[in-house]
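S.K.: Handing you a structure now.
The numbers here are math on the coordinates, done by the rules we state, and not lab data. Being a predicted model, the structure only gives us computed values, none of them experimental. We place every Cβ from the backbone using ideal geometry, glycine too, and count neighbours over all the protein chains shown.
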Amino acid sequence: MNSLKDLYEITYDGCKGCSILGKNLPMHSIMDYNELHESEILMVSDSFKMQSDGGVAPFTDDDIDLILDVFGSCGFGKILDKVQFTAAVKCPRVKIDDMSKQDKDICRKHLEATIDKVKPRIVFGCGNLPLVMLTKKTGIEQKRGRSMPLKTELGHEYTLIPIYHPYQVLVEPKNRYLFQTDIENAVNEFVLKKVNTSGFSYTLVDSISKLKSIPFPLDSGFIAIDTETTGLNFLTDKLLTIALTFKSNGKYQNYVIPFHHKETPFNDVDRAEIVSFMSKVFASPVRKILHNAKFDLKFFKRAGVGEMINVWDTKIMQHLVDENLPKSLKDLVNYYFPHELAS
């Protein structure tokens, strides 16, 4: 690993071979590392932005105002002095399509050197370009909010949290919910250590006798139901597992039934008994709670489950609560149970 001085030499020795140097940009190889110090949190934008006074910064003033407002809304005002800002690409106005693989590899050394200087616990990668620069993978929509443990070549360990770029929130205000939730969850977990373990455990139903012994509340209460399938087409794919959660004697009970799972002990005769049992569950007056219920119900119908009554869909329920918020199960869990971490 080259030293910071070597990487940020004014002669751009640390950038030799990068095609960006040949482009008509107002500045190259911006030496922001001199302004940074060790901090708990490093916010990484895509590339540097030109300011009205001719200077450069990783985020615009509007971006910074939004970030400060979000930290304040989360109650993190006292830790703002632990936040540093940088850019994934050390030249201004650079987009992901402007860079070749070689360009990214060269600039990645600058970014790693910056992380080694700051030594953060958390790196918030704001947008797709920081995600690509830090993981060599794209897909901010699918990966945002996830915690990714990483380590620099010099050995500094940190957690990357891909999040939306502030600009994506400014142009589409409904994205603030995800932006703020991802920041709040990460800071609570990795900086403030406020995460609780749920102590989640489950019972594997690997025999018909065990299935029949489950103390289901078929008269009142609720049963939460989830499935895993081999695919999305209920006509050609199969149910792999059925997960059930309910309250019994004041405690939550969790059961998993391996229906067509590759390690299932059940044969076709056993599966017919499971279908009969699930038919009784769905026909009972107890509330059945599912997320995006239409997906699971099609598979249950295809398997032979009969009448289905009193079904509650948390995706529809959330839409009725606030139609502007995301409806994915992951986002709902992050929103309603931000401090829970399954053990």
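S.K.: Ranked highest first by average number of other Cβ atoms within 10 Å, how do 303-309, 242-248 line up?
M.R.: 242-248, 303-309
S.K.: Can you tell me the FRET efficiency between residue 135 and residue 202 if r is taken as the Cβ-Cβ distance and R0 is 35 Å, rounded to the nearest 0.05?
M.R.: On the way: r = 32 Å, r/R0 = 0.90.
Efficiency, from the Cβ-Cβ distance: 0.65.
S.K.: Evaluate E = 1/(1 + (r/R0)^6) for residue 81 and residue 311, where r is the Cβ-Cβ distance and R0 equals 41 Å; express this FRET efficiency to the nearest 0.05.
M.R.: Values: r = 50 Å, r/R0 = 1.23.
Between residue 81 and residue 311 the formula returns 0.25.
S.K.: With everything on Cα atoms, drop me the angle between helix 61-73 and the longest principal axis of the chain, reported from 0 to 90° to the nearest 10.
M.R.: 40 degrees
S.K.: Roughly speaking, what is the centre-to-centre gap between segment 184-239 and segment 274-343 when only Cα atoms are used, to the nearest Å?
M.R.: 11 Å
S.K.: Something else now. Label-point separation (nm) for residue 51 and residue 150, each offset 7 Å from Cα along Cα-to-Cβ?
M.R.: With each label point 7 Å from Cα toward Cβ, the separation is 2.6 nm.
S.K.: Where both residues lie in segment 4-194, what percent of DSSP beta bridges are antiparallel, nearest 5? Intermediate results must be reported in sequence, preceding the final value.
M.R.: On the way: 6 of 22 bridges.
Of the beta bridges lying entirely in segment 4-194, close to 25 percent run antiparallel.
S.K.: Relative to the longest principal axis of the chain, what angle (0 to 90°, nearest 10) does the C-alpha long axis of helix 293-303 take?
M.R.: The angle comes out at about 50 degrees.
S.K.: Could you sort out which of 16/119; 137/330; 212/251; 210/288; 137/294; 193/247 sit more than 31 Å apart by Cα distance in this structure? Display every interim value, and only then the final one.
M.R.: Numbers: 16/119 26 Å; 137/330 21 Å; 212/251 19 Å; 210/288 21 Å; 137/294 33 Å; 193/247 29 Å.
As for pairs spanning more than 31 Å Cα to Cα, those are 137/294.
S.K.: Here's another thing I want to ask about it. Let me check against my output: what whole-number percent is the relative contact order of segment 202-343, with C-alpha pairs under 8 Å and at least 6 apart? It would help to have the intermediate numbers written out before the result.
M.R.: Numbers: 205 pairs, mean separation 31.5, N = 142.
Relative contact order here is 22 percent.
S.K.: Mean separation of Cα pairs under 8 Å and 6+ residues apart, divided by the residue count of the chain: what relative contact order is that in percent? Don't jump to the answer; show the numbers that get you there.
M.R.: Values: 557 pairs, mean separation 46.4, N = 343.
With pairs under 8 Å counted, the relative contact order is 14 percent.
S.K.: A further question on this structure: If I stretch the segment between residue 142 and residue 95 completely, what's the gain in nm (0.36 nm per residue apart, minus their alpha carbon distance), one decimal?
M.R.: 14.9 nm
S.K.: Only one of the listed values, [x] 29, 27, 26; [y] 38, 24, 20; [z] 49, 21, 18, was derived from the coordinates as semi-axes √(5λ) of the Cα gyration tensor in Å; which label is it?
M.R.: [z]
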